[in-house]
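The values are calculated or read from the model by the stated rules, or taken from the named source; none is laboratory data. Here the structure is a predicted model, which means the values were calculated and not measured. Here the Cβ positions follow ideal geometry from the backbone for every residue, glycine too, while neighbour counts run over all protein chains shown.
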Amino acid sequence: MSSLEDYIRLYSTIVQEDTMTENGVIADKLNPSHITLKVCPPSSEVYLSIVPQLATLLKSCIDNNITMNFIQPFSIEDASAFWLSAEENVVQRKQFVIIAQESQGSSEDEADYNDSRHEQHVLESRTPIILGCVILYLAQLPNAKHRAEVGKLIVGREHRKRGIGKMLLDRMEDEARKHGRKILVLDTETGSGAELFYERLGYSKAGVIPDASLAPDGKRYTSYTYFYKRL
Ligand SMILES: CC(C)(COP(=O)(O)OP(=O)(O)OC[C@H]1O[C@@H](n2cnc3c(N)ncnc32)[C@H](O)[C@@H]1OP(=O)(O)O)[C@@H](O)C(=O)NCCC(=O)NCCS
């Protein structure tokens with residue numbers, strides 16, 4: 001996997017798989033036992049193999065006018081570029097990408113995922129469908145080694161309200177604890193469903209910054225609500 005063109009080619013395959021989910025093929029069989037939570041290992045090969053699906057999730061949010069740092073026009077190349085820019089931090093374990101994916105049904109699958117020697121095989125024959133993702137950013141400043149930031153929590157539209165967002169946050173919090181982090185911070189659009197979601201999951205509101213950013217369609221300013229949670 002060496003160029004953006006390769007990602008775009010792979011993206012076309014994934015769009016076809018997405019169509020499958022919209023027809024209900026995946027959604028029908030979805031229940032917690034069909035979902036696996038994984039932290040992407042610090043391997044370029046493994047990380048790059050999931051970038052096309054992560055890009056699809058991010059583009060879908062921007063296309064649906066969800067405030068997430070970007071504005072239109074926003075292409076799949078732009079979305080891929082965001083995730084590709086994180087590669088070094090993932091490899092250096094400064095940030096962790098946690099994904100929820102449809103289970104493949106055996107412990108062998110976990111081994112395949114975590115073993116980059118199998119990457120090509122995984123890509124070609126049975127790349128699992130990623131249902132959602134979240135990023136855990138470990139603060140790097142000398143006085144903030146106990147803090148982490150949460151970003152890009154996304155559950156695919158057709159998979160929402162089934163507990164996947166909560167599963168992702170639970171797994172992300174475990175990972176934060178594992179790295180000695182004691183407080184999590186994040187911001188989200190004021191008045192959005194995500195704001196209610198974080199409240200529901202025990203995050204405390206720290207405050208609101210009015211008109212902090214432009215909505216993806218460029219037609220209005222959106223406010224940020226800042227949240228924190230002690231671990
Ligand atoms: C926010 C998001 C991640 C929630 O994911 P999800 O898988 O639908 O959430 P869950 O099913 O795990 O819901 C957990 C709880 O939050 C509540 N919740 C989830 N979405 C909600 C919404 N839009 N409004 C109100 N409550 C909501 C659920 O009802 C559930 O409560 P319960 O335990 O009482 O049943 C998802 O809607 C999403 O991807 N949105 C677009 C991207 C986004 O805005 N991300 C946040 C950016 S910071």
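Within region 211-231, the set of residues being in a strand (DSSP E or B) and closer than 30 Å to K182 by Cβ comprises A212, S213, T222, S223, Y224, T225, Y226, F227, Y228, K229, R230.
Checking each residue in region 169-186 for being free of Cβ contacts under 8 Å to residues at least 60 places away in the same chain and either near the ligand (Cβ under 7 Å from one of its atoms) or aliphatic (A, V, I, L, M) (or both) picks out L169, A176, I183, L184, V185, L186.
Taking the criterion of being under 20 Å from the mean Cα position of the chain (by Cα) and in contact (Cβ under 8 Å) with a residue 60 or more places away in the chain, the residues of region 195-223 that qualify are A215, P216.
Being within 11 Å of the ligand (Cβ to nearest atom), at pLDDT 95 or above and in a strand (DSSP E or B) is a description that does not apply to V208. Residues in region 38-50 that are crowded, with 18+ Cβ neighbours inside 10 Å and outside any loop (DSSP other than H, G, I, E, B): K38, V46, Y47, L48, S49, I50.
So that you can scan it fast, the table gives a plain yes or no per residue for (1) at negative phi; (2) outside any helix (DSSP H, G or I); (3) at pLDDT 95 or above:
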residue	(1), (2), (3)
D78	yes, no, yes
I99	yes, yes, yes
G105	no, yes, no
A111	yes, no, no
R117	yes, no, no
E124	yes, no, no
P128	yes, yes, no
C133	yes, yes, yes
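Given the condition basic (K, R), within 8 Å of the ligand (Cβ to nearest atom) and under 22 Å from V97 (Cβ atoms), answer yes or no: does some residue in region 161-168 qualify? Yes, because at least one residue in region 161-168 is basic (K, R), within 8 Å of the ligand (Cβ to nearest atom) and under 22 Å from V97 (Cβ atoms).
Checking each residue in region 125-153 for being within 7 Å of the ligand (Cβ to nearest atom), aliphatic (A, V, I, L, M) and more than 17 Å from Y203 (Cβ to Cβ) picks out no residue at all.
Looking across region 199-210, the residues that are surrounded by 12 or more Cβ atoms within 10 Å (Cβ to Cβ) and either closer than 19 Å to N69 by Cβ or touching a His at 6+ places or on another chain (Cβ under 9 Å) (or both) come down to V208, I209. Annotation note: of L196, L184, the sole residue that is closer than 30 Å to C40 by Cα and surrounded by 18 or more Cβ atoms within 10 Å (Cβ to Cβ) is L184.
Here E199 fits the description: assigned to a helix (DSSP H, G or I), within 12 Å of the ligand (Cβ to nearest atom) and touching a Lys or Arg at 6+ places or on another chain (Cβ under 8 Å).
Cβ-Cβ contacts under 7 Å between residues 6 or more apart (or on different chains), taken from a first residue in region 59-73 that is farther than 16 Å from K219 by Cβ to a second residue that is at pLDDT 95 or above and surrounded by fewer than 16 Cβ atoms within 10 Å (Cβ to Cβ), are listed as S60/R157. Scanning region 129-146 for residues that are more than 25 Å from C61 (Cβ to Cβ) and not aliphatic (A, V, I, L, M) turns up Q140, P142, N143, K145, H146.
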